[in-house]
Amino acid sequence: MDKLVIQGGQPLKGEVRISGAKNAALPILCSALLTSEPLTLTNVPDLNDIQTMLRLLEQMGVKVAQSGDTVTLDASGLNNPTAPYEMVKTMRAAVLVLGPLVARCGEAHVSLPGGCAIGARPVDQHIKGLQSMGAEVKVEHGYVNAKVGRLKGARLFTDMVTVTGTENLMMAACLADGETVIENAAREPEVVDLAQCLSAMGARISGAGTDVIRIQGVERLHGATHRIMPDRIETGTYLCAAAITGGEIRLTGTSMGYLDSVVDKLMDAGCEISGEKSPQFEAITLRAPKKLTAVSIRTAPYPAFPTDMQAQFMTINTVAEGTAVIRETIFENRFMHAVELQRLGADIQIDGNTAFVRGVAQLEGATVMATDLRASAGLVLAGLVAEGETTIERIYHLDRGYEHLEQKLSQLGAIVRRVRA
Ligand code: EPZ
C-alpha cells in the first residue's frame with residue numbers, strides 16, 4: 001500500500017485550482033440511470049470513488065465515455081439493476097443507485113453497504129422512504145431487494161437529516177406518480193447541485209437547499225449537460241493547510257459561499273480570508289497568522305459546521321494557542337485520527353463524542369496510519385507542520401477523495417512524496 005512522506009515546516013504559498021465535488025458528482029452520476037438519453041457532466045474530479053462508481057454503472061449496462069474532466073453516460077442499455085457486494089463494500093455511496101433503479105426499472109438489488117470506520121452507517125431511512133412510495137423492499141442475504149410497478153408520490157419524513165437518504169429519495173420521486181414531499185431534508189449544497197442537474201433533465205423540484213423538498217413526478221427525464229459544483233471540503237482542507245503552516249494561498253474554481261461556518265471558524269482562529277466572485281471566476285485567499293488561536297467546533301448538518309471538516313480542525317487546534325472543545329454529533333466513531341495525532345505529540349483527551357485539544361508548541365514527525373478519508377486529511381495537515389519527517393500509511397483512503405493531492409501540495413511548496421509500496 002502506498003505511503004505519503006512529508007517533511008514538515010514549509011509555510012504553504014501560491015495558488016491551486018479546486019476540483020469538482022466528490023459528494024456532488026457521486027449522486028449526479030447515479031441520476032443518469034433515470035433517463036435513456038445521454039447525460040454529460042463536466043468538472044468531474046479524477047478520484048478513485050468516481051472510477052468505482054463508473055465501473056458499477058457500466059456493469060449495469062450504462063455506456064461511459066470519459067475525456068479529461070468530462071464524463072458522458074448513456075443508460076439506454078440499462079439491463080442489470082444490481083450493485084454487487086464486492087463493489088459496494090469499497091464505496092458506500094453505491095447505495096445511491098437504489099432510488100434511481102427502482103424509479104427507472106421497477107426493481108433493484110443493491111448490496112447493503114455495511115459499516116465503515118466512522119460508524120454503522122445504516123440505510124434504514126432510504127428503505128423506509130421507498131416503502132412509503134409503494135415499493136416492496138426486503139433485506140435478504142445482505143442485499144436490499146426492491147420492486148414496484150411505479151412509485152407513488154408520498155409525504156416522507158426522515159428520522160434524522162441524511163444527505164444520501166435525501167438524494168436517493170429525491171431521485172426516486174422524479175419519476176413517481178404524483179407529488180412527493182421530503183420533510184427534514186438535508187440542505188447540503190451537494191443536494192442542491194443534484195436538484196439542479198435533475199431539473200436540467202426535466203424534473204420538477206422545488207425547495208432544494210431547504211428542509212422541505214417538493215418533487216412533482218413526470219413520465220420520463222431527458223438528457224442534459226451539467227457542471228459539477230466545486231468541492232467545498234477540498235477547499236476547506238487546503239484553507240486549513242495554509243492556516244496550520246502559517247502560509248498564504250489562493251484557491252481558484254471555488255467560492256466561500258458553501259463554507260460560511262468553516263470560514264467563520266478560520267477567521268476566529270486569526271486567519272484573514274477574502275473571496276473574489278464574478279460570473280466567470282471565483283477564488284478564495286487565506287493569509288494565516290503567526291500563531292493560530294484555538295477554536296471550538298460542534299459538527300451538525302448544513303449550514304452548521306460540517307463533520308467532514310472535523311478532523312482537519314482537530315489538527316489545526318493541536319498547535320493553536322489555548323484549548324479547543326470538539327463535539328462530533330453526526331457519526332459515532334469519527335475521532336480515530338486523535339490517537340494518530342497523539343503519536344505526533346498532540347495533547348488530546350477524548351470523552352465520548354467530545355475531544356479536548358490543548359495546543360502544544362510543536363508536533364514531532366512520526367509514522368501514522370490513515371483510517372478514513374477525512375482522518376487521513378487531518379494527518380496530512382499534521383505532517384505539514386510537524387518537525388521532521390512524517391510517514392502516512394494506507395493513503396488509499398486519501399486517493400478516494402483528494403484529486404492529485406501531492407501534486408497540489410507540492411505546487412504550494414510542501415515537501416511531500418508518494419512512496420509506492
Ligand atoms: C454523506 O454521507 C457524505 N457522503 C459523507 O461524506 C458525510 O460525512 C455525511 O453525508 C454527513 O454530512 C456522501 O455524500 C457520498 P448521512 P451519508 O446519511 O449520506 C445516520 C466523505 O468524507 N443515518 O447524512 O452516508 C448515519 O449513520 C463522506 O466524503 C441513519 O441512521 O451520511 C449518520 O449518523 C464521509 N440511517 C447520520 O444519519 C439512514 O438511513 C448522517 O448520515 C441514513 C443515515
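Values computed for the structure shown
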quantity: Gain in span if fully extended, VAL325 to THR354, counting 0.36 nm per residue against the direct Cα distance; calculated: 9.8 nm
quantity: Inter-part distance where the range 24-38 and the range 244-298 are each reduced to a Cα centre, Å; calculated: 32 Å
quantity: Net length gained if the chain between VAL212 and THR367 were fully extended (0.36 nm per residue, minus Cα distance); calculated: 51.2 nm
quantity: Most to least packed among 405-416, 376-387 [average Cβ atoms within 10 Å]; calculated: 376-387, 405-416
quantity: For the chain, built as a Gaussian network whose Cα springs stay under 10 Å, the top-fluctuating residue of GLU393, GLU188, GLU234; calculated: GLU393
quantity: Cα-based helix-to-principal-axis angle, 163-173 vs the chain, degrees rounded to 10; calculated: 20 degrees
quantity: Theoretical gain in end-to-end length, GLU179 to LYS277 [0.36 nm per residue, Cα-Cα removed]; calculated: 31.6 nm
quantity: The range 229-327, relative contact order in percent, only Cα pairs under 8 angstrom and at least six apart counted; calculated: 29 percent
quantity: Rounded if a/c under 1.5, otherwise prolate or oblate - the range 1-144, Cα gyration tensor axes; calculated: oblate
quantity: Cα centre as origin, Lys/Arg/Asp/Glu Cβ charges: the range 45-122 dipole, Debye; calculated: 240 debye
quantity: Cβ-based charge dipole, the chain, positive-most Cα from ALA300, GLN66, SER76; calculated: SER76
quantity: Whole-Hz couplings from phi, Karplus 6.51/-1.76/1.60, listed for the range 360-370; x for Gly and Pro; calculated: 10, 5, 7, 8, 10, x, 7, 8, 10, 10, 6
quantity: The range 57-130 - share of DSSP beta bridges that are antiparallel (%, nearest 5); calculated: 75 percent
quantity: Cα shape, the range 276-405, gyration tensor, a/c 1.5 rule; calculated: rounded
quantity: Normalised contact order of the range 307-421, rounded percent, pairs of Cα under 8 Å and 6 or more residues apart; calculated: 25 percent
quantity: For the range 10-17, Karplus couplings with θ = phi - 60° (6.51, -1.76, 1.60), whole Hz, Gly/Pro x; calculated: 8, x, 6, 9, x, 9, 9, 9
quantity: Estimated 222 nm signal from helices in the chain, with DSSP H stretches of n ≥ 4 weighted -39500 (n - 2.57), rounded to 500; calculated: -8500 deg cm²/dmol
quantity: Within the chain, percent of DSSP bridges classed antiparallel, to nearest 5; calculated: 70 percent
quantity: Cα shape, the range 71-155, gyration tensor, a/c 1.5 rule; calculated: oblate
quantity: Size of charge dipole - the chain - debye, nearest 20, with Cβ of Lys, Arg +1 and Asp, Glu -1, no other charges; calculated: 220 debye
quantity: Fraction of beta bridges assigned by DSSP in the range 49-186 that are antiparallel (%, nearest 5); calculated: 75 percent
quantity: The range 1-100: trypsin sites (Lys or Arg not before Pro) in DSSP coil with no more than 16 other Cβ atoms inside 10 Å; calculated: LYS89
quantity: Estimated dipole of the range 181-251 in Debye, rounded to 20 [Cβ of Lys and Arg +1, of Asp and Glu -1, Cα centre]; calculated: 240 debye
quantity: Carbon/sulfur fraction of accessible area - the chain, other protein chains in place, 1.4 Å, %; calculated: 49 percent
quantity: Contact order relative to length of the chain, as percent, for alpha carbon pairs under 8 angstrom and 6 or more apart; calculated: 21 percent
quantity: Förster-model FRET efficiency, 22 Å R0, ASP347 and ALA304, C-beta, rounded to 0.05; calculated: 0.25
quantity: Positive-end residue, the range 118-207 charge dipole about Cα centroid, Cβ charges, pick of VAL139, MET171, PRO189; calculated: VAL139
quantity: Segments 164-173, 194-203, 219-228 sorted - mean Cβ within 10 Å per residue, highest first; calculated: 164-173, 194-203, 219-228
quantity: Positive-pole candidate from MET267, ALA224, THR237, dipole of the chain, charges at beta carbon; calculated: ALA224
quantity: Other-chain or far-sequence residues with amide H under 5 Å of VAL144's (modelled H); calculated: VAL110, SER111, LEU112
quantity: Cα centroid of the range 353-421 to Cα centroid of the range 145-200, whole Å; calculated: 36 Å
quantity: For the range 52-66 and the range 220-241, distance of Cα centres in Å; calculated: 20 Å
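The values are calculated or read from the model by the stated rules, or taken from the named source; none is laboratory data. Predicted model only: the values in this text are computed from it and were never measured. Quick reminder, even Gly has a Cβ in these numbers, built from the backbone with ideal geometry, and neighbours come from all protein chains shown. Ligands, DNA and RNA are stripped out before the accessible areas are found, and what is left, the full protein with its side chains, is counted by its heavy atoms. Shrake-Rupley method; radii C 1.70, N 1.55, O 1.52, S 1.80 Å.
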